[in-house]
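Heads up, the thing below is written out as structure tokens.
The values are calculated or read from the model by the stated rules, or taken from the named source; none is laboratory data. Note that the structure is predicted; figures quoted are calculated from it, not measured. Cβ placement follows ideal geometry from the backbone for every residue including glycine, while neighbour counts extend to all protein chains displayed. What goes into the accessible areas is simple: the full protein's heavy atoms, side chains included, and nothing from ligands, DNA or RNA. Shrake-Rupley method; radii C 1.70, N 1.55, O 1.52, S 1.80 Å.
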Amino acid sequence: MKSKDDFLTALRLNEEWAFEVLYRDYYAMILKYVTQNNGDNEAAKDLFQEVIIALIKNIRNPEFELYNNTKFGTYLMSIAQ
């Protein structure tokens, strides 16, 4: 995978490969979170969509910065919760 900065830039620019990576690498984490809290697949899909919308809104803010030691998955979970 490319660097975290390249990945975030690609998401900002709506590059398809970045969204494929986002789904491939992080959807299962959201699904697990939802099902462990008595949700179903539909709830996980809805939450993942909400997380992506919030993520894109956040990273398009010029002041957004994901610190080097922050794992991307941890950041996504903070949005999901």
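Couple of notes before you dig in:
- Between residue 71 and residue 3, the modelled labels are 2.2 nm apart [label points 7 Å from Cα along Cα→Cβ].
- Helix-only mean residue ellipticity at 222 nm for the chain, each DSSP H run of n ≥ 4 adding -39500 (n - 2.57), per residue, nearest 500: -23500 deg cm²/dmol
- Taking trypsin sites (Lys or Arg not before Pro) in DSSP loop conformation with at most 14 other Cβ atoms inside 10 Å as exposed sites, the chain has its longest uninterrupted site-free stretch at 3-59.
- All lysines inside 18 Å of residue 4 as judged from Cα atoms, apart from same-chain residues fewer than 8 positions distant: 57, 71
- Rounded tilt (10° steps) of 16-36 against the dominant C-alpha axis of the chain: 30 degrees
- Summary value for the chain: 28 percent relative contact order, contacts being C-alpha pairs under 8 angstrom separated by 6+ residues.
- Whole-Hz ³J(HN,Hα) from phi, Karplus 6.51 cos²θ - 1.76 cosθ + 1.60, for the stretch 43-51, glycine and proline x: 5, 5, 4, 4, 5, 4, 4, 5, 5
- Under the shape rule built on the C-alpha gyration tensor, where the axes satisfy a ≥ b ≥ c, the stretch 33-81 is oblate, since a/c reaches at least 1.5 while a/b does not exceed b/c.
- Cα lying deepest toward the dipole's positive end in the chain, options 41, 11, 73, charges on Cβ: 73
- Charged-residue dipole, Cβ positions (Lys, Arg, Asp, Glu), the chain about Cα centre, Debye nearest 20: 160 debye
- Most fluctuating residue given options 50, 63, 42, as computed from a GNM of the chain linking Cα atoms under 10 Å: 63
- Excluding ligands, DNA and RNA, the accessible surface per residue across the chain is 69 Å² with a 1.4 Å probe.
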